[in-house]
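The values are calculated or read from the model by the stated rules, or taken from the named source; none is laboratory data. Computed from a prediction, not measured in an experiment: that's the story for all the values here. Heads up, the Cβs are rebuilt from the backbone with ideal geometry, glycines too, and the neighbour counts pull from every protein chain shown.
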Amino acid sequence: MAKKSITIGNLTNFHVYDDTGITDAAIFPDVVQVQAAPAGSNDVLRLGDVGGGGPVAPYDAQYVVIALDGDLDNERRLQVDSPITLTDNGANNDVDIGFDTTVDLILSANLEVGSSDGLYFGDQSTDGSWRIIRSGNDLVIERRESSSWVTKSTISA
């Protein structure tokens, strides 16, 4: 092959290399540091493209992503099925994982509730809601009235 050079902005022959055996990438044996990079829309490298000159994440690392990207080699796409929801709030924001409360929840396994937790029917802070709790070896059925839980029935062991 032949000697090739990389030019960035007005830095001609920034890096000279022999392209023998290179099919689709240029590999630099050392870290490339940029003090001030061209910022034009047609430049090959812009300071903003590399996070303000800081470290750049490797393309071949393992990432969990919302959408697959052809430039990444080892990404895993995060997907959910109903009734779980996934909301991408955009760059520099959170991805929210939630639960769609408008659909039925169908279990194919046991539902475990901690010994000090309740199973609520309705909002636990709203009057008129019901709950079933365990008290020792008993099950207690309660209704929320005037901001307090009132026992309606107890099933003894």
Q. Counting only residues that are β-branched (Val, Ile, Thr) and part of a strand (DSSP E or B), which one in region 65-91 is farthest from residue 104 (Cα to Cα)?
A. 65
**Q.** Identity of the residue in region 46-94, on the phi > 0 side of the Ramachandran plot, exposed (fewer than 11 other Cβ atoms within 10 Å of the Cβ) and over 12 Å from the mean Cα position of the chain (by Cα), that ends up modelled with the lowest pLDDT
**A.** 52
(Q) Restricting to region 131-149, name every residue that is among the acidic types (Asp, Glu) and more than 39 Å from the chain's Cα centre (by Cα). (A) 138, 145
Q.
Pairs needed: first member in region 138-151, farther than 13 Å from residue 119 by Cβ; second member anywhere, part of a strand (DSSP E or B) and among the aromatic types (Phe, Trp, Tyr); C-beta distance under 6 Å; at least 6 residues apart or different chains.
A. 143/130
(Q) When you scan region 104-112, do you find a residue that is loosely packed, with under 11 Cβ neighbours inside 10 Å, assigned by TED's automatic domain parsing to the domain that holds residue 149, out of contact with any Pro (no Cβ under 7 Å at 6 or more places or on another chain) and in a loop (DSSP other than H, G, I, E, B), even just one? (A) no
